[in-house]
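A short write-up of the structure that comes next.
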Amino acid sequence: LAGDILCQERQIQSAMSGEDYNFHPSFKQVAPILRQCDLAVGNLEVPVCRRAPLRGEIFATEGHFYCNAPDEFVDAIFEAGFDAVYQGNNHALDAGKTGIEDTLALLDSKGMIHTGTFRQESDPRFVMIESKGIRIALLSYSTSYNQLEGNLTQKGRDVLLNQYAYQKAKKEL
């Protein structure tokens, strides 16, 4: 289990390769370790949404902390060896509902396991994985969304996010 997988503006700038991005060098040191793991899981602390501005574009113009990465970032984390990602974190809503939708679609297209943000109310709020005969439950919650949760209705928060509440987590566990 790894911690935050972030994509900051300097990382985006250094990954620029013409009109595309190459984030593979960002994971050069850890990829050999991740690829040896039976299961590698990290906290994807950034939406990946082409329809929203990138991290540096918002930070430079509005001055508040905001995350969003190019699609190629997911290619790099997948190829580095991550099998699954958590998304229940304070940056889940940085690119809004669109960011959640686009990120989930991209993760699904790569076959990456994910939890913490959702498309529908009926989506399971946790993921069960079996690795080497061991069943593992992945649960991902957040208590804060950088005050962006107010941009959603209560129904939107209930469907898209996994807001932490003790009784809810206890029931799911």
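Miscellaneous remarks
- For Ala137: the one exception among (1) modelled with pLDDT of 95 or more; (2) open to solvent by 20 Å² or more (accessible area, probe 1.4 Å); (3) touching a helix residue (DSSP H, G or I) at 6+ places or on another chain (Cβ under 8 Å): (3)
- Of all residues in segment 115-173, those satisfying the criterion of being aliphatic (A, V, I, L, M), closer than 24 Å to Ala105 by Cα and over 17 Å from the mean Cα position of the chain (by Cα) are Met128, Ile129, Ile136, Ala137, Leu152.
- Residue in segment 143-150 that is more than 22 Å from Leu54 (Cα to Cα) and free of Cβ contacts under 8 Å to residues at least 40 places away in the same chain present: yes
- The residue that is nearest to Thr103 (Cα to Cα), counting only those in segment 143-173 that are in contact with a helix residue (DSSP H, G or I) (Cβ under 9 Å, 6 or more places away or on another chain), open to solvent by less than 100 Å² (accessible area, probe 1.4 Å) and of a type in the set (S, T, N, Q), is Asn162.
- Hey, Asp38 of a type outside the set (A, V, I, L, M, F, W, C), part of a loop (DSSP other than H, G, I, E, B) and modelled with pLDDT of 90 or more or not: yes
- Residue in segment 52-67 that is open to solvent by less than 40 Å² (accessible area, probe 1.4 Å), at pLDDT 90 or above and not small (Gly, Ala, Ser) present: no
The values are calculated or read from the model by the stated rules, or taken from the named source; none is laboratory data. Nothing here was measured: the structure is a model prediction, and the numbers come from that model. Cβ sites come from the backbone with ideal geometry, for glycine too, and all protein chains shown count toward neighbours. The accessibility values were calculated without ligands, DNA or RNA, using every heavy atom of the protein model including side chains. Shrake-Rupley method; radii C 1.70, N 1.55, O 1.52, S 1.80 Å.
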